[in-house]
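Below: the structure, in structure tokens.
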Amino acid sequence: MEKPIIASPQVTQHILNRFKLRADKKLGQNFLIDEQVVRQIVAAAELSEADTVLEVGPGIGTLTQGLAESKAQVVAVELDTRLLPVLATTLEGYDNVRVVHGDILKVDIMEEVGVPNFKVCANLPYYITTPIIFALLEKRLPMERLVAMVQKEVAERMAAQPGGKDYGALSVAIQYYTEPEIAFIVPPTSFIPAPAVDSAVIVCKRREKPPVEVCDEALFFRVVKAAFSLRRKMLSNSLKNMGIKSEQVAKWLELAGVDGKRRAETLSLEDFAKLTNSFGEAVK
């Protein structure tokens, strides 16, 4: 018997009514009701029967169903206890899906996934998008690609190039670990309740190694954070937030070959790498 498509207004509303559910604003829940969007997300993940995909926050199983139809093995991590009986019902019959109750920031992902390589697919709650993405990237998990639906402006920041207003610390961090590309935009009408902003699906292909070599990754991200801490100021001012004096900053910029009058948003990953690798010499 063919299962009803969850990604439709009628089926979604039926599920919400049956289980007496309402979207939890605190958890950033908006339910996807557009079957075409689900198909596009699954296509962007480039899944095959041989793949394992980790889904973050399956909700009522809307995207999970699309992932399951690809024949890949699906591991879906859900935090909201209310949704476990819902998922047990909506995903019944899909023997290639396993639902894990837990917080994606705390679960042992490698243990749950159980394979050496996997992909990640998620419709991420807006309020916790960045912490989840960073947690996945910083753990250096062996994920081939991350496909995520996020707020459009966040996607634009992730993919932004130097010189624009969207370019910032998030852009540098995402591009250090991955090659991000916005796949398509999703309008508010694709959800109930409709969010106040557009969403976007972004595809992040994991890099085999970072595009720049740095002496200390933790220091690299400290430098990036300090540079963007006073976004409207020149580097000669903002870099003092590294806890060093003006004359040390001047020496540091000279060693790195970076003009102190520039603003952080004009710096490439290569510029940040130069600053990182010359920091020790400048402040000794």
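The values are calculated or read from the model by the stated rules, or taken from the named source; none is laboratory data. Note that the coordinates shown come from a computational prediction; the quantities given were computed from them, not determined experimentally. Counting neighbours? That spans all protein chains shown, and the Cβs are built from the backbone with ideal geometry, glycine included. Only protein heavy atoms, including side chains, enter the accessible area calculation; ligands, DNA and RNA are left aside. Shrake-Rupley method; radii C 1.70, N 1.55, O 1.52, S 1.80 Å.
Observations, loosely collected:
- Scanning the range 73-96 for residues that are open to solvent by less than 30 Å² (accessible area, probe 1.4 Å), outside any helix (DSSP H, G or I) and of a type outside the set (S, T, N, Q) gives Val74, Val75, Ala76, Val77, Glu78, Asp80, Leu91.
- Any hit, the range 197-218, residues being touching a residue at least 24 places away in the same chain (Cβ under 8 Å) and part of a helix (DSSP H, G or I): no
- Test: residue in the range 245-259 that is closer than 25 Å to Phe134 by Cα, modelled with pLDDT of 95 or more and either open to solvent by 70 Å² or more (accessible area, probe 1.4 Å) or among the small types (Gly, Ala, Ser) (or both): no
- Failed item, numbered, when Ile128 is tested on (1) open to solvent by 10 Å² or more (accessible area, probe 1.4 Å); (2) at pLDDT below 95; (3) hydrophobic (A, V, I, L, M, F, W, C); (4) more than 27 Å from Glu208 (Cα to Cα): (4)
- Test: residue in the range 245-252 that is in a helix (DSSP H, G or I), among the small types (Gly, Ala, Ser) and in contact with a Phe, Trp or Tyr (Cβ under 8 Å, 6 or more places away or on another chain): no
- Just one of the listed residues (Leu105, Leu84) is touching a residue at least 12 places away in the same chain (Cβ under 8 Å) and touching a Pro at 6+ places or on another chain (Cβ under 7 Å), and it is Leu105.
- Residue match in the range 210-222 (condition: among the β-branched types (Val, Ile, Thr), open to solvent by 30 Å² or more (accessible area, probe 1.4 Å) and within 23 Å of Leu269 (Cα to Cα)): yes
- Cβ separations smaller than 9 Å between residues 6+ apart or across chains give the following pairs from the range 176-187 residues that are over 17 Å from Pro162 (Cα atoms) and free of Cβ contacts under 8 Å to residues at least 24 places away in the same chain to residues that are of a type outside the set (Asp, Glu) and open to solvent by less than 20 Å² (accessible area, probe 1.4 Å): Pro187/Ser199.
- Subset of the range 183-196 that is assigned to a loop (DSSP other than H, G, I, E, B) and of a type in the set (A, V, I, L, M, F, W, C) - its residue that is most open to solvent (accessible area, probe 1.4 Å): Ala196
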